[in-house]
1. Where does the charge balance sit around ALA40 when Lys and Arg score +1, Asp and Glu -1, over other residues with C-beta under 14 Å from its C-beta?
2. Could you give the radius of gyration (one decimal) and Dmax (whole number) of the Cα atoms in region 72-226, in Å?
3. Residue separation times 0.36 nm, minus the C-alpha to C-alpha distance between VAL182 and GLN199: what's the value?
4. Going by Cα centres, region 166-180 and region 13-64 are how many Å apart?
5. Using a 1.4 angstrom probe, figure out how much accessible area region 95-185 has per residue, in square angstrom, rounded to the nearest whole.
6. Would you kindly derive the ³J(HN,Hα) couplings of region 103-120 from the backbone phi angles with the Karplus curve 6.51 cos²θ - 1.76 cosθ + 1.60 (θ = phi - 60°), listing them in order in whole Hz, with x for Gly and Pro?
7. Sort the following peptides by mean Cβ neighbour count (other Cβ atoms within 10 Å, averaged over residues), highest first: 195-204, 103-112.
8. On the accessible surface of region 86-135, probed at 1.4 Å, how many percent belong to carbon and sulfur atoms?
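The values are calculated or read from the model by the stated rules, or taken from the named source; none is laboratory data. Predicted, not measured: the structure shown is a model, and the values here were computed from it. Cβ placement follows ideal geometry from the backbone for every residue including glycine, while neighbour counts extend to all protein chains displayed. Ligands, DNA and RNA are excluded from the accessible area calculation, which covers all protein heavy atoms including side chains. Shrake-Rupley method; radii C 1.70, N 1.55, O 1.52, S 1.80 Å.
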Amino acid sequence: MSERIIDLHDWFQTPAGQYLLAWERAHVDAAVADIFGYHALQLGVPELDGLRANRMPHQWLATDHMPADMNTSSPRVAFMADFSALPFPASSIDLVLLPHSLEFSADPHTTLREVERVLVPEGRVVICGLNPFSLWGLRQRRGDWYRRLGGKGKLFLPDCGEFIGYWRLRDWLRLLGFEVEVGTFGCYRPAVDSDQWIQRTAWMDRAGSRWWPILGAAYFLVAVKRVRGMRLLGATWKKAPARAGKPVSVINRATKFKIQERDK
C-alpha cells in the first residue's frame, strides 16, 4: 500500500493537486473548527493537515508513509498504521478525518467499518473524495482505456485506487448507521496540467456550482454516527417529588339526606 500513497503524494505536488488541496483545506477547516470533543484522528494524506483548525486536546495522524518534507513540529502524534485495524478501543474517538483514505485503501469497506467502530456515538467523520463523474474522472477513464488497448494513454489522476461515487458512499454510510449532515461538490476546472490554465479557468468554479453542481471533480461530506435506541436523558434527580394532597371527605347526595333525616 505504500507504493500507492507515494504516487498520491507526488501528484499533490502538481498544479492540479495544489488546486485540489486548497479547496479541501478551506472546507475541512470550516467543518472541524466547530466539532468538539477530546480525541481527533486523521487517516492518511499528511499534506492536508486537516486538524489544524480543530481544538481537541488529543490529535493523531495515522499514515502508512512519512513524507520527507512533513512538518515535524506539528502537535499531532504521527504514527504508521493499517487503516483496517486501528490501535484504538471501540467508541473512543470523537472525530475522524478521511482525506482520500477510502478510495486509496486496499479495502475501503473494512476501513469504513473500522472508523465506525472507534467513533463515539454522535461522533463525526469528515470525508474528501474524487468524483468519478466529472471532467477529471472522464480524462482518467479515457487514459485508462488507451492503456488497456496497448496505447500510451496518460492518466491525469494517480493510478492507485478505485474512485468512489458520492451517492455510493452515502449508501455505505447509511448502512453503517451514519447520517450525512453536510455534502457538497467542488473543483469544476478542467483536467489540465498547466498552472496557467488552471488560473485562467477560475470562472468555471462559479459557473459549475450554479449550473452543474454534482459534476465537480471533488466532493466533501460530514456524517454523524447515530446509535439506534440511545437517548440522552436529563438529570431526573433535580425534579421535586410530587406532594400528596390532603384527604378530602366526599359525601354524596344520598348520604347527606340520611344525615338530615336522623337529626330530625
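1. Once all neighbours under 14 Å are counted, the net charge is 0.
2. Both quantities, over Cα of region 72-226: 17.6, 50 Å.
3. 3.3 nm
4. Going from one Cα centre to the other spans 21 Å.
5. Per residue, region 95-185 has 47 Å² of solvent-accessible surface.
6. 5, 9, 9, 5, 9, x, 4, 5, 4, 5, 5, 5, 5, 5, 5, 7, 6, 6
7. 103-112, 195-204
8. 60 percent
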